[in-house]
Amino acid sequence: MAFVQAIIDGLLIGGVYALISIGLTLVYGVMGIINFAQAEFLTIGMFVAWFAWSVLGLDPVLAAPLSFAVAFAIGWVVQAQLIARVLNAASVAQIFLTVGLLIVIENGALLLFGSQFRSVTTVYQTMSLSLGPLFISVPYLVAFVVSVVCGMSLWWFMRASWFGRAMRATAQNPMAARLMGIDTGLMYKIAFALGVGLTAFGGAVILPYITVYPSVGSQFVVLMFTVVVLGGLGSIAGAVVGGLAVGVIQAISGLLFPIQLQNLVLFVVFILVLALRPQGIVGAMR
Amino acid sequence: MMRDLHCSKGSRPTRRRVLAQVGTAILAAPFVARSGFAQAKPVNVGVVVPLSGANAQFGINSRNGIQLVADEINAAGGLKALGGAKINLIIADSTSTPTTAATVAQRLISQNDVTAILGAFASSLTIAISEVTERRDIPLLTMSFADQITGRGFKNIFQVVAKASVIGKAQFDYTAAIAATAGKKIAKVAIMYEDTAYGTAQAKGLRAAATAANVEIVMDDAYPLGITDATPLINKLRASGADAVFPVSYLNDSLLIIRTMRQQQLTIPAIGGAAGYVIPDFEKGLGKFAEGVLSVDPSNYDQAPELTDRFRKRFGYFMVHEALEHAVALYVLSQAIERAKSAKPEEAAAKLRGARFEGGWAKAMTGGAVQFNEAGLNILSVPLMVQWRGKNLVTVWPKEYAKGKAVWPS
């Protein structure tokens, strides 16, 4: 029974890992840029949701679209003004830019909001559903459901909408896409803004159970990269599979080994996957 | 504009030159003004606390406490023995990483000519700093309490509170006593702690006390700093069938632990190990679920309200223990400098070693004074058990310090 409980917990938390990591994989898949500042947009999303909660009294989950919008706007500007300049530059320049962005956002938040912890209180925060001996944490469930809805919509967007198809075309061959009349610059802006927006959305969703402070992103950045690379860098389905896998691996290792070894077990699995299947569990989009 | 700047080679009053002159004048103004009435050279005191990263909130609290006392001393005419020298705090961010903390301390010593260093809240940071201060013979006053701090035979470390193993023991013993008073018996306990110097040392004290009392430890788990999901811990706790749980954690993990326990309808008492359990953010993050939560605390503001109310008035929240203890640390340092009649680090350290300090902020500590032994430990400090009542922490144990009656949470 403890095992079933661990799987449930792992899947729920894994769904959230997937949501916050999808953006990273989307940006890489479309633009071929690894955004080291991705986790900072999680922080931005959390701060927006926190202010929405404390000023407007809005539940963080309801404030998530607001977080998305703010990060989308910031992402749009960042892409147009900064990233666009290094798209065809050496990857060192891209790394410097995104790492620089990480430092600027983290310290900007420190300057603006101070370093104190901020957390929200919601009614469902300490609730759970009990199914016999099993417990399903309500904040995790809420986050999971929102993540699934969000992931499905993104999948539909990429699959069926004109923008999604245009974006995939841009990812496959920018030159051919341009010849077909696709504004690839616009596609890059949408991809980057959407990618960071989704991560910010995830930030708002996890706020009911995580406190926000300027360097909170650093707690998640390694996790995000693990999720994305495990599933297959650049693949949206891969991020989902990777997220769920990371959640379940953590939960089961917590059950079998001391909690301290949770991440050790995760990275052993990670190294095994990289050794045996370097393209990730699902494989990449491009 | 750019051209102007680059062509200023002649002696004409170019924009750059004028700017530079005005700038120098503005920068120099305060020094000119100050030297008019203060003859004594200010005494530099380094403050190295985490102002960013996971432990930032505690660093800010610490800084506030130190700032309060420094301003009080300066407003009262500075250090008398040094002709009214003002205390000049040099505040530096240790971050939450030990290696950075050590580098920052090194920089303060080599560049700022400090008499002493105060800091750095988290034991792992303090240990890193103490390696530097010991080498350079600078006194380090701290309220961190991992046993290692005073256990290495260092000559320049001064700890105003009891050791972690003593605090861990008190956490268990006081709980057992409170439970016994309420007619409850604790047969099985769970210990969970954050795997830094602080958590590990305090858990050791807890473990020893539980073993000595013949109580079965059904769970004994360390977890990493910065954990983002407490579910596996609480699943284990629920399966263990413990009567009480002793979590030793900083803030984010303490909120995760209590919330997840509530989710799983686990109502056994959680007796916190100070840090995250005894700051206003704990109550802010948990609301009504904070009510009645017990925690051990190296000191508490209700022991000397006449002093600690000054903190509340200035900063708008109660004087948390790290602020209080850092305030005491600066007070005893100022007394040592007065006694030494010198701001030289080694002379101040000589007046701290084995010395007793009374009056002023020393009254806020249990025992009403500070008495350092040769290892630099304040032997008068006794841990307290506090309990959340609304937005306040009330000392409920031991009886001679209690300001309210302990209520066994059920």
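In square nanometres and to one decimal, what's the mean projected area of the convex hull around the Cα atoms of segment A:23-84?
Mean shadow area of the hull around the Cα atoms is 4.3 nm².
Test of understanding: ordering B:F154, B:F172, B:F246 by Cβ neighbours within 10 Å, fewest first, what list do you get? Display every interim value, and only then the final one.
On the way: B:F154 17, B:F172 26, B:F246 30.
Neighbour counts put them in this order, fewest first: B:F154, B:F172, B:F246.
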*Please report the base-10 log of the normalised intensity I(q)/I(0) for segment B:280-410, using a Debye sum with one equal scatterer per alpha carbon and no solvent, at each q in 0.10, 0.22 (1/Å).*
-0.37, -1.26
_Rounding to the nearest 10 and keeping the result within 0 to 90°, find how far the Cα-based axis of helix B:56-75 lies from the longest principal axis of chain B._
50 degrees
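Order these by the 10 Å Cβ neighbour count, fewest first: B:M261, B:M192. Don't skip to the end; give the middle numbers.
On the way: B:M261 22, B:M192 26.
By the 10 Å Cβ count, ascending, the order reads B:M261, B:M192.
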*Could you check which residue among A:A171, A:A89, A:A71 shows the biggest mean-square fluctuation in a GNM of chain A with a 10 Å Cα cutoff?*
A:A89
_Pick from B:L89, B:L233, B:L393 the residue whose mean-square fluctuation is largest in a GNM of chain B, springs joining Cα atoms under 10 Å._
B:L233
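If you take every residue apart from B:I109 with its C-beta less than 15 Å away from the C-beta of B:I109, what net charge results, scoring Lys and Arg +1 and Asp and Glu -1?
Net local charge, B:I109 excluded: -1.
Peptide A:257-267: average number of partner chain Cβ atoms within 10 Å per residue? Walk me through the numbers before you get to the answer.
Values: counts 1, 6, 12, 6, 2, 5, 2, 1, 0, 0, 0.
Other-chain Cβ atoms within 10 Å of each residue's Cβ, averaged: 3.
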*Over all Cα pairs of segment B:151-261, how is the pair count split among 10 Å bins, expressed in % and running from 0 up to the last occupied bin?*
14, 43, 32, 10, 2
_If the convex hull is drawn through the Cα atoms of chain A, its volume per residue in Å³_ = 132 Å³
*Report Rg/Rh for segment A:95-210, rounded to two decimals, where Rg is the Cα radius of gyration and Rh the Kirkwood radius.*
1.11
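Quick one: Kirkwood hydrodynamic radius for segment B:231-294, alpha-carbon pairs, angstrom, one decimal?
Over segment B:231-294, the inverse of the mean reciprocal pair distance is 11.7 Å.
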_Once you keep just the Cα pairs under 8 angstrom separated by 6 or more residues, what percentage relative contact order results for segment B:137-241?_
25 percent
_Sort A:V145, B:V394, B:V49 by Cβ crowding within 10 Å, fewest neighbours at the top._
A:V145, B:V394, B:V49
_Within the protein assembly as shown, helix-based [θ] at 222 nm, where runs of 4 or more DSSP H residues each add -39,500 (n - 2.57), nearest 500_ = -18500 deg cm²/dmol
*Subtracting the Cα-Cα distance from 0.36 nm times the residue separation, let me have the gained length for A:A90 to A:N173 in nm, one decimal.*
28.0 nm
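For peptide B:229-241, what's the mean number of Cβ atoms from other chains within 10 Å of each residue's Cβ? Could you put the intermediate results ahead of the total?
Working: counts 17, 3, 14, 14, 2, 3, 8, 5, 0, 4, 4, 0, 0.
Rounded to a whole number, the mean comes out at 6.
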*Could you name the aspartates and glutamates whose alpha carbon sits less than 18 Å from that of B:K188, not counting residues in the same chain fewer than 8 places away?*
B:D173, B:E216, B:D220, B:D221, B:D243
*asked:* If you average the C-alpha positions of segment B:118-138 and of segment B:342-379 separately, how far apart do those two centres end up, in angstrom?
replied: 17 Å
*Positive dipole terminus of chain B, leading residue within B:V394, B:L51, B:P280 (C-beta point charges)*: B:L51
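Which translational diffusion coefficient, to the nearest whole µm²/s, is obtained for segment B:87-221 from the Stokes-Einstein equation, given a Kirkwood hydrodynamic radius over C-alpha pairs, 37 °C and 0.692 mPa s?
Numbers: Rh = 16.3 Å.
Once the numbers are plugged in, D ends up at 201 µm²/s.
Given contacts defined as C-alpha pairs under 8 Å and at least six residues apart, what's the relative contact order of segment A:1-136, whole-number percent? Please list the in-between numbers first.
Numbers: 81 pairs, mean separation 38.6, N = 136.
For segment A:1-136, the relative contact order is 28 percent.
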_Rounded to 10°, Cα long-axis angle of helix B:305-315 versus longest principal axis of chain B_ = 60 degrees
_What is the angle, in °, between the Cα long axis of helix B:164-181 and the longest principal axis of the Cα atoms in chain B? Nearest 10 is fine, range 0 to 90._
40 degrees
*Can you tell me the Rg and Dmax of the protein assembly as shown, counting just the alpha carbons, in angstroms?*
27.8, 90
*Counting only DSSP beta bridges with both residues in the protein assembly as shown, what percent are antiparallel, rounded to the nearest 5?*
35 percent
*In whole angstrom, and with the biggest value first, how far do the Cα coordinates of chain B range along each principal axis?*
86, 52, 39
_Top of B:A122, B:A170, B:A85 by mean-square fluctuation, Gaussian network on chain B, Cα under 10 Å_ = B:A85
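In a shell of Cβ-Cβ distance under 11 Å around B:L206, excluding B:L206 itself, what net charge do Lys and Arg (+1) and Asp and Glu (-1) give? All intermediate terms of the calculation are to be shown ahead of the outcome.
Working: positive: B:K169, B:K204, B:R207; negative: B:D173, B:D220.
Net charge around B:L206: +1.
Report the charge-dipole magnitude of segment A:2-276 in Debye, nearest 20, computed about the Cα centre from +1 at each Lys and Arg Cβ and -1 at each Asp and Glu Cβ.
On the way: 7 positive and 5 negative charges, 109 e Å.
About 520 debye.
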_Could you check the spin-label model distance between A:V269 and B:N44? Points 7 Å from the Cα along Cα→Cβ, value in nm._
5.2 nm
*Express the relative contact order of chain B as a whole percentage, based on alpha carbon pairs under 8 Å and six or more residues apart in sequence.*
16 percent
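Could the peptides B:135-145, B:71-81, A:33-43 be put in order, highest first, of the mean number of other beta-carbon atoms found within 10 Å of their residues?
On the way: B:135-145: 24.0, B:71-81: 15.5, A:33-43: 26.0.
Most protected by this proxy first, the peptides run A:33-43, B:135-145, B:71-81.
Taken together, the values in this text are just the output of simple stated rules run on the coordinates, not laboratory data. As the structure is a prediction and not an experimental result, all values here were calculated from the model. Reconstructed Cβ throughout: ideal geometry from the backbone, glycine too, with neighbour counts over all protein chains shown.
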